[in-house]
Amino acid sequence: MSDARDDQAEPTHSQSDAERGVRWFETVGVVVLSVTAILTAWSGFEASKWGGAMSISFSQASSARIEAARDAGAANAAKQIDLATFSLYVQAVAEKNDLLARFTEDRFTDRFRPAFDEWLASKPLMNPNAPKSPFELASYSPPGQREAAAADARADRLFQTALRNNQRGDNYTILTVLFALVLFFAAFSSRFDAPRLRWAMLAASVVLMIVGIVFLATFPKLI
């Protein structure tokens, strides 16, 4: 009688352990699915935000390029005026036409005059090391030249920022795919009948989830 009762109690104890294992498996699975669903949504949100930041930076870079082109055009137009006046001056000096030379020199613009005086002080007719023309000197800066250089540099910085934002958005997109794999493994693990296979699949999903969390913690956030 005692042996019969022991035989009946043993399957009951095993059944209890099995049920406890199933409950643990379901609990861990629910936690993994819940956490991963939240992380997937967050990664998608960050990917969208960084994509928007990339578009804004590209737009700002384009605007800066247009501004640089406009300022460069104004600088070139001003330089052409100074160049034409200086060419006439050089021609008058070559022809020894002092009246024309003085007339032309009196009409030098205020932006050209400092460079011309500096160039003339270098004695270009006698000094072989003198600048070829006043336009080579740093003191000559037509209006729009510095602005064009600044806008061009700003456009370069914004373009690099846009590329960096694009890469960050791509990183979050890849992270979304990683979390999708976690969801797949966690959901598919319950399809196996063998407990070891179920736990192996679930463990794989947990490992992938931890890897994704580590990457998520190191990525810059844009809220």
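The values are calculated or read from the model by the stated rules, or taken from the named source; none is laboratory data. Nothing here was measured: the structure is a model prediction, and the numbers come from that model. Here the Cβ is made from the backbone with ideal geometry for all residues, glycine too, and neighbour counts use every protein chain on show.
With the condition kept exactly as written, say whether any residue in the range 144-157 is closer than 23 Å to GLU67 by Cβ, modelled with pLDDT under 95 and in contact with a Pro (Cβ under 7 Å, 6 or more places away or on another chain). The answer is no; no qualifying residue exists. For the range 10-18, check the following and say yes or no: at least one residue is in a helix (DSSP H, G or I), more than 53 Å from the chain's Cα centre (by Cα), closer than 27 Å to ALA203 by Cα and modelled with pLDDT of 70 or more. Within the range 10-18 (the criterion being in a helix (DSSP H, G or I), more than 53 Å from the chain's Cα centre (by Cα), closer than 27 Å to ALA203 by Cα and modelled with pLDDT of 70 or more), the answer is yes, since at least one residue qualifies. Counting only residues that are under 30 Å from ALA153 (Cα atoms) and touching a helix residue (DSSP H, G or I) at 6+ places or on another chain (Cβ under 7 Å), the range 84-110 holds 1 of them.
Tell me which residues, restricted to the range 90-117, are closer than 17 Å to TYR140 by Cα and among the hydroxyl-bearing types (Ser, Thr, Tyr). Step through it out loud before you land on a result.
Initially, the range 90-117 is screened for residues closer than 17 Å to TYR140 by Cα, giving 105, 107-117.
The one that is closer than 17 Å to TYR140 by Cα and among the hydroxyl-bearing types (Ser, Thr, Tyr): THR109.
Given the structure, is SER122 of a type in the set (S, T, N, Q), in contact with a Pro (Cβ under 7 Å, 6 or more places away or on another chain) and closer than 30 Å to GLU67 by Cα? Here the answer is no, as SER122 does not meet what is asked.
Which ranges mark the helices (runs of 4 or more DSSP H) fully within the range 106-223 that have 2 or more residues being more than 36 Å from the chain's Cα centre (by Cα), crowded, with 18+ Cβ neighbours inside 10 Å and among the aliphatic types (A, V, I, L, M)? Spell out the reasoning first.
On the way: elements: 113-121, 145-188, 195-218.
Result: 195-218.
Within the range 34-62, residues that are over 26 Å from LEU158 (Cα atoms) sit with their Cβ atoms under 6 Å from residues that are surrounded by 14 or more Cβ atoms within 10 Å (Cβ to Cβ) and of a type outside the set (A, V, I, L, M, F, W, C), at 6+ positions apart or across chains, in these pairs: THR40/THR176. Under the condition of being within 14 Å of LEU183 (Cα to Cα), among the aliphatic types (A, V, I, L, M) and crowded, with 16+ Cβ neighbours inside 10 Å, the residues counted in the range 37-54 number 1. Of all residues in the range 108-130, those being under 19 Å from GLY144 (Cβ atoms) and not small (Gly, Ala, Ser) number 7. Of the residues SER34, SER57, only one is polar (S, T, N, Q), surrounded by 14 or more Cβ atoms within 10 Å (Cβ to Cβ) and either at pLDDT 95 or above or under 30 Å from LEU178 (Cα atoms) (or both); which? Sole residue among the options that is polar (S, T, N, Q), surrounded by 14 or more Cβ atoms within 10 Å (Cβ to Cβ) and either at pLDDT 95 or above or under 30 Å from LEU178 (Cα atoms) (or both): SER57. Checking each residue of the range 85-105 against the condition of being touching a residue at least 40 places away in the same chain (Cβ under 8 Å) and either in a helix (DSSP H, G or I) or of a type in the set (Gly, Ala, Ser) (or both) gives at least one match.
Only one of ALA77, ALA69 is in contact with a Pro (Cβ under 9 Å, 6 or more places away or on another chain), hydrophobic (A, V, I, L, M, F, W, C) and assigned to a helix (DSSP H, G or I); which?
Values: ALA69 fails: in contact with a Pro (Cβ under 9 Å, 6 or more places away or on another chain).
Going through ALA77, ALA69 in turn, just one is in contact with a Pro (Cβ under 9 Å, 6 or more places away or on another chain), hydrophobic (A, V, I, L, M, F, W, C) and assigned to a helix (DSSP H, G or I): ALA77.
Figure legend. Inter-residue proximity from the range 186-207: first residues free of Cβ contacts under 8 Å to residues at least 40 places away in the same chain, second residues part of a helix (DSSP H, G or I), beta-carbon distance below 6 Å, spacing 6+ or different chains. Indicated pairs: PHE192/ARG198; MET201/PHE185; MET201/SER189; ALA204/PHE185.
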